[in-house]
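The values are calculated or read from the model by the stated rules, or taken from the named source; none is laboratory data. Being a predicted model, the structure only gives us computed values, none of them experimental. Here the Cβ is made from the backbone with ideal geometry for all residues, glycine too, and neighbour counts use every protein chain on show. Areas reflect the complete protein model, heavy atoms only, side chains present, ligands, DNA and RNA absent. Shrake-Rupley method; radii C 1.70, N 1.55, O 1.52, S 1.80 Å.
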Amino acid sequence: MKKLFAAVATALLMTINSNAQADAEGIRYSLPKTTLKISLLVEKTSFTPGELAGYSMLYMKQDAAKEPSTEYSIVGISLSQDAIPDTARCYKLIIDKKHSIINLTQDENGVLLAVNDNGKPIAQMKPFAAKPQPKPLNPHDFMNQDILNAGSHAKMAQLIAQEIYDIRDSRNQLTRGEADFMPKDGEQMRIMLANLDTQERALMQVFQGSTVKDTAEVVLTYVPETETDRDMLFRFSKHFGVVDADDFSGRPFYISIEDLHTITPLPVAADDGKKSKEDIGLNVTLPGKIRVKIADGNNTLSTTEMYAAQFGRVEAISGTLFGKKVTTHISLHPLTGNIERLDVEPLE
């Protein structure tokens, strides 16, 4: 068994996964820096005025907007984590025959995920999928021949208004049981009333116009470096949606980062910090806990506590864990770089 580990260790520099950067002495890697992903669900509301909006008050006794408009609003906000390589925490893991390191896993950016184990990559955030929109109603599909052949907008408006009032009268007769052709059961009644409602909504669009709503996801990335109070995250305009932080057409949204000075403990003894033959260049992160607040002006929208790698510290793992008598399997958290799983295995 010992000979096997020595042989594999010698060949490691040639067989390590393609993302690792190897040189004559070892494998270069980095630890992660935790980033924040702010997901905004932005609803776009588009209004199109009716082609006969000017006759709405005359025939339907309802005022109607005559100009098209578009407005945006935030209907949801959520926070998740991601990671990038920390350029200030780059190291080289020494590979030699004295230490039983046979496998090293890194992500596509060179961030260390595991030693002698299969690393777990960052779980990708599921993209937002909007619900399918119903097919918009076309008022002309519900107009009879007299309406379509009307010689003027005034005559067309008069005939459409009369058709709408006839539909309403038919609905009242059905609900009162006074219609000439009453439905045989409740299901038939429901279908008939739904058809009348659809006809009225379609014809009313020529007066009141139509509104279409569509929801899209906007994902912002923020890298917390130090504590900050009300750092500008983005601005939001009801006319343009998400705009840049320096675009004063939108109202400001802020992010605050508070260091809670809580660091996860190390599950094994760390190196003494001195350069020795047992310092093999293996380092892990002990992430620190932070509190993240997102606010719309002075109104706090969300408060979340989480661990972030850059708010903790780095600890060296002793090479004795990979000696002649034992070897160790270590799996790191892909977002924070701390030890997520550690198994010590005796060698025979």
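Just checking, which of K126, K120, K155, K135 is in contact (Cβ under 8 Å) with a residue 60 or more places away in the chain and of a type in the set (K, R)?
Checking each option against the conditions leaves just K120.
For T304, are the conditions met, namely being under 21 Å from Q81 (Cα atoms) and either surrounded by fewer than 20 Cβ atoms within 10 Å (Cβ to Cβ) or of a type in the set (D, E) (or both)? Don't jump to the end; show me each part of the working.
On the way: under 21 Å from Q81 (Cα atoms): yes; either surrounded by fewer than 20 Cβ atoms within 10 Å (Cβ to Cβ) or of a type in the set (D, E) (or both): yes.
Yes, satisfied.
From (1) open to solvent by 50 Å² or more (accessible area, probe 1.4 Å); (2) in a strand (DSSP E or B); (3) aliphatic (A, V, I, L, M), pick out the condition that doesn't hold for L31.
For L31, the failing item is (1).
Note down all Cβ pairs under 6 Å where the first residue falls in the stretch 215-241 and is on the phi > 0 side of the Ramachandran plot, the second is open to solvent by 50 Å² or more (accessible area, probe 1.4 Å), and they're at least six residues apart or on different chains.
Partner pairs satisfying both residue conditions: G241/Y72.
I74: surrounded by 16 or more Cβ atoms within 10 Å (Cβ to Cβ), touching a residue at least 12 places away in the same chain (Cβ under 8 Å) and more than 22 Å from Y165 (Cβ to Cβ), yes or no?
yes
Tell me whether the stretch 278-286 contains one or more residues that are open to solvent by 50 Å² or more (accessible area, probe 1.4 Å), under 30 Å from L342 (Cα atoms) and over 27 Å from the mean Cα position of the chain (by Cα).
yes
Restricting attention to the stretch 222-238, does a residue exist that is open to solvent by 40 Å² or more (accessible area, probe 1.4 Å), farther than 30 Å from E315 by Cβ, in a strand (DSSP E or B) and of a type in the set (K, R)?
Yes, because at least one residue in the stretch 222-238 is open to solvent by 40 Å² or more (accessible area, probe 1.4 Å), farther than 30 Å from E315 by Cβ, in a strand (DSSP E or B) and of a type in the set (K, R).
Just to verify a result, which residue in the stretch 18-28, among those that are part of a strand (DSSP E or B) and open to solvent by 50 Å² or more (accessible area, probe 1.4 Å), is modelled with the highest pLDDT? Walk me through how you get there before you give the answer.
Initially, the stretch 18-28 is screened for residues part of a strand (DSSP E or B), giving 21-22, 26-28.
From what is left, the residues that are open to solvent by 50 Å² or more (accessible area, probe 1.4 Å) are 21-22, 28.
On the way: Q21: 52, A22: 51, R28: 94.
Out of the qualifying residues, it is R28.
Among the numbered criteria (1) out of contact with any helix residue (DSSP H, G or I) (no Cβ under 7 Å at 6 or more places or on another chain); (2) in contact (Cβ under 8 Å) with a residue 12 or more places away in the chain, which single criterion is violated by H99?
H99 satisfies every listed condition except (1).
If A64 satisfies all but one of (1) open to solvent by less than 30 Å² (accessible area, probe 1.4 Å); (2) of a type in the set (A, V, I, L, M); (3) touching a strand residue (DSSP E or B) at 6+ places or on another chain (Cβ under 8 Å); (4) assigned to a loop (DSSP other than H, G, I, E, B), what's the number of the condition it fails?
In the conditions (1) open to solvent by less than 30 Å² (accessible area, probe 1.4 Å); (2) of a type in the set (A, V, I, L, M); (3) touching a strand residue (DSSP E or B) at 6+ places or on another chain (Cβ under 8 Å); (4) assigned to a loop (DSSP other than H, G, I, E, B), A64 misses (3) alone.
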